[in-house]
1. Quick one: Karplus J couplings for the stretch B:318-330, per residue in order, coefficients 6.51, -1.76, 1.60, θ = phi - 60°, nearest Hz, x for Gly and Pro?
2. Given the convex hull over the Cα atoms of the stretch B:52-209, what projected area results after averaging over all orientations, in nm²?
3. Compute the angle between helix B:176-185 and the longest alpha-carbon principal axis of chain B, please, reported from 0 to 90 degrees and rounded to the nearest 10.
4. What dipole magnitude, in Debye to the nearest 20, does the protein assembly as shown give about its Cα centre under +1 on Lys/Arg Cβ and -1 on Asp/Glu Cβ?
5. Once both labels are modelled 7 Å past Cα along the beta-carbon direction, what's the B:ASP142-A:ALA136 spacing in nm?
6. What trypsin sites (Lys or Arg not before Pro) in the stretch A:103-148 are in a loop by DSSP, with at most 16 other Cβ atoms within 10 Å of the Cβ?
7. Round to the nearest 0.05 the FRET efficiency obtained for A:THR129 and A:LEU160 when R0 = 25 Å and r is the Cβ-Cβ distance.
8. Using a Cα-Cα cut-off of under 30 Å, which lysines could be cross-linked to B:LYS320, ignoring same-chain neighbours fewer than 8 residues away?
Amino acid sequence: MTAPTEEIAAGGARAVPARLPRRARLERRRARTAALFLAPALLVLVVFVLWPMVNAAWLSFTDAGLIGGGEFVGLENYTALPRDDRFTNALGNTVLYTVVTTPLSVLLALAAALALNRRLRGRGFFRATFFLPFVASLSITAIAWAFLFDPLVGALPAWLGRLGLELGNGVRDPELAIWIVMFVGIWRNVGFFMVMFLAGLQSIPRELQEAATLDGAGAWGRFRHVTLPLLSNTTMFVAIIAVIFSFQAFDQMYVMTAGGPFFRTETLVMLIYNRGFDNYDMGSATAISWVLVVLVLVVSLAQLGYFRRREVRY
Amino acid sequence: MNVQRSAGGVAAVALGLMLAACSGGGDGDADSSATDGGVTTITFWNSYTASDRPAVEELVRRFNESQDQYVVDMTIQPNDVLTDTLLPAYQAGKGPTIVTIDASLVPSYVEQGVFQPVDDFYDGAVSADLLPKASLDATTYDGKQYGVPFGATPTMLYWNKTLFADAGVDGPPTTMDEMAEAAVALTDTAQGQYGIAIPDREAPSVWAVLMWAEGGGVVSEDRSRSVFGAPESIEAVRTWSDLMRDPGISPVGLNGVDADTLFGAGKAAMLINGPWVSAGFDDAGLDYGIAPVPAGSATQTAVAISTNVHLSADATDAEKEAAYAFLEFWNSVESQTYWAVETGYPPNRSDVDPATLADNPTAQAFAAETNSRFYLGGLRNASQIDTDVVIPTIQRITNGQGDVAELMTEASDQIDALLD
């Protein structure tokens, strides 16, 4: 019984032609073309993203300076972090910054999007005005904000002073500085998130809103039971991006406070910069970078899980 | 079939172009300092971006025209850009033959192996005895000399003659006690007027001067231990920080530019800084005087600001010869007189006749101040000691966040840990 089968199999093997069937050849050629088209983008990713990440991971296990490889020190750069006051302080500042700016900027962006999704005069102007801070360079606008908040020559303390609101020593005030840089961070991002929400709002079918109105739903009811659930994908995206932006906060602190007074506004990214380019301690800088990467990943995955469970489809 | 083949071709060409773009720049200018037909070209980076820029450019132009053996190819860029790019540039083999940086950074750069000693420069036409001692001390590391002075100046006391006269206060103060009294008398916080502008960062350290005057400081003269926690240092910081809080002789938390702006706007009666700010005060029409930093109970001394030229470890003999020729030209009597008159910096050489500086009273005033010390010179961790320990501690104190003695003693231990 087995012999003929073997014979057939052997014969079959011998019978395979030297050239692949036309269809397979076409597939292979297509794959080759696709690979060639993808190659430039992949090359950029490998050279500018993957390689630096792998390289940073290696450096984080060494005592490297800015030049030269350094010696392998195992987990030393990581185990030193919990006892490092600068790191715990920067981590605390980053968490505070994220916890305050993320919900505030998402809520403000949603409110702005809802307001500007209706027909009203000057809608284009307002949309552009909200979006402008995001396209302007934060380094430049932060310089402008530093002047506006300056306790000696700034316009804001003068105006608010007339209303009886004291801004103390502005960005030089250890109690106020972090709140001012948070304000600038929110101001910058709200417009960008608003545009995301506007796109989400426009994709909600009008019939659903009309049907809800016919069923007797009021404005709040329509928002609560139709708009918000159908926006959940956008909200998820915006919330994740907002958290990532917050964890990466750097520009306005660098420009307005340099992380001071006495590290009160030093975020993790500021600390990474300080360790790497002021202290030339690439080992510590890259170790903190990897902690930040893991932190962002964990929080983003948690957010993704949370929103996925609450996702609504009609 | 044809479409596919040509599409593949396009992708291949695109990839080829990209690879070419990535690898480009490797050829041609790999060695930007080169000897060609008997002419040696050296590259020179510095950050003289302010009002002193035209004088630097003019002197480099004069050097290039004065002879036909060497060419200095100069790049001027902002200080933070220069310090951020210098080490990566050296690592990539594209660093400048010579560069000027702040003297406090020199030891850490020497440790990274990017500079070579220049002791033999002083065997030539320019004797070390003629050049600023503070600059030479600041660029000596491990017993070797790594720098040649480029720009060197002490800080001095600027005082606003109009504000002093209006308040009926005689000026300038010559002792620290007089300076404190004048600062209190000239402070009128209701009018937004301050007796003095004391910055805590991004400026030549005023706090070092205040501590030195009373016999304290940050590190001992032999650079071996911290004296930040010494009673003299604590007392000096306590005195001035108390006055900043009450009656508020200076705003708290100023950076260097804030302090200059305040004095320039006539809102602060005194300021301790270098010669480069005088041009702005002249433009603002301010009636001001320049006086030596007042003497304290222990001594009278100012901060030395020192920018020096350093020679790349990779420089060839020909490039070194070209660099030395340029630095001899730069430190000649003629060049230094031009430099002082144009910028207000004192000349590097002590044998320049003060009478030849008459066209620039700022230069004359600064040339007359001979007592100055470099702040945190010759220390590998100088920048860390300053930005991570001294500045935040002073900020805590001036913001009233803790006891002066406790904070400074704690900081002193941190500084000791950063001294090798």
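The values are calculated or read from the model by the stated rules, or taken from the named source; none is laboratory data. Source: prediction; values computed, not measured. Glycine also receives a Cβ, built like all others from the backbone with ideal geometry; neighbour counts cover every protein chain displayed. Remember, those area values only see protein heavy atoms, side chains included, never the ligands or the DNA or RNA. Shrake-Rupley method; radii C 1.70, N 1.55, O 1.52, S 1.80 Å.
1. Result, rounded to whole Hz: 5, 5, 5, 4, 5, 4, 5, 4, 5, 5, 5, 4, 4.
2. Numbers: hull surface 55.0 nm².
If you wrap the Cα atoms of the stretch B:52-209 in a convex hull and average its projections, you get 13.7 nm².
3. Relative to chain B, helix B:176-185 is tipped by roughly 80 degrees.
4. Working: 47 positive and 79 negative charges, 1318 e Å.
That gives the protein assembly as shown a dipole magnitude of about 6340 debye.
5. Modelled inter-label distance: 5.0 nm.
6. Numbers: sites: A:ARG118, A:ARG119, A:ARG121, A:ARG123, A:ARG127; in loops: A:ARG118, A:ARG119, A:ARG121.
Qualifying residues, ordered by number: A:ARG118, A:ARG119, A:ARG121.
7. E(calc), rounded to 0.05, equals 0.70.
8. Reachable lysines: B:LYS94, B:LYS133, B:LYS144.
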